[in-house]
Amino acid sequence: MKYYWIRLLRLHDDPFVLARGVAIGVLVGLTPTIPFHTVLIIAFCTVGRGNVLAGLIASILVSNPLTIPLHYYAAWKLGTMLTGFHIPWSEVLQLMDTVKDAGLMDAARFIYLKGIGMMASMLLGGLALSIPFAIAAYLLSLSLYMKRRRQKLRRYLNYADKPREKKQG
């Protein structure tokens with residue numbers, strides 16, 4: 001995880017573009033759309049002009065084997081509260097097992113068979129969970145990237161102001 005965090009910090013692009021990519025990665029990473037994360041991040045970053053690599057790395061940081069069960073549980077709980085659609089937790093566990101081992105088409109087939117009500121409830125819960133985190137991620141990463149850019153500019157200006165010794169040859 002530390003490697004991905006360092007990779008995220010060292011990306012070079014406009015701070016606003018990087019922050020949009022991080023926000024999109026967090027938004028998608030916290031939704032129960034595991035088999036579609038990469039496709040969604042690429043599509044949303046392309047449309048929203050965010051940095052795709054920042055989005056993918058941010059998604060990995062927030063959506064990993066340790067946190068995925070928590071996301072699904074929170075999405076399930078929030079989704080059932082918001083929609084009133086009752087979904088047994090056993091079906092959510094079955095969904096997680098299927099998605100973990102399945103390919104993209106198998107996951108889509110499972111979602112289709114379980115019905116739109118279940119997926120709408122889970123997606124609504126996932127969005128209710130992820131939107132505040134995506135906003136916070138945008139603001140924090142923008143602040144971080146702007147600070148890093150100012151530091152680089154300051155270092156560059158300090159280096160440019162130093163007198164250089166002439167080589168004698």
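The values are calculated or read from the model by the stated rules, or taken from the named source; none is laboratory data. Keep in mind the model is a prediction, meaning the values are calculated, not measured. Cβ placement follows ideal geometry from the backbone for every residue including glycine, while neighbour counts extend to all protein chains displayed.
Of all residues in the stretch 14-63, those satisfying the criterion of being in contact with a His (Cβ under 8 Å, 6 or more places away or on another chain), of a type in the set (Gly, Ala, Ser) and either in a helix (DSSP H, G or I) or farther than 22 Å from Met119 by Cβ (or both) are Gly29, Ser59. Consider the stretch 51-66 and keep the residues that are at pLDDT 90 or above and of a type outside the set (A, V, I, L, M). The one that is surrounded by the most Cβ atoms within 10 Å (Cβ to Cβ) is Gly55. For the stretch 26-53, the set of residues classified as under 11 Å from the mean Cα position of the chain (by Cα) and touching a residue at least 60 places away in the same chain (Cβ under 8 Å) consists of Val26, Leu27, Val28, Gly29, Leu30, Thr31, listed by residue number. When you check Val28 against the structure, is it under 20 Å from Ile111 (Cα atoms), modelled with pLDDT of 95 or more and of a type in the set (A, V, I, L, M), yes or no? So Val28 passes the test. Taken over the stretch 86-113, the criterion of being outside any helix (DSSP H, G or I), at pLDDT below 75 and surrounded by 13 or more Cβ atoms within 10 Å (Cβ to Cβ) is satisfied by Ala102 alone.
Screening the candidates Arg150, Arg164 for the property of being modelled with pLDDT of 85 or more, over 17 Å from the mean Cα position of the chain (by Cα) and either over 18 Å from Ile41 (Cβ atoms) or not small (Gly, Ala, Ser) (or both) yields one hit, Arg150.
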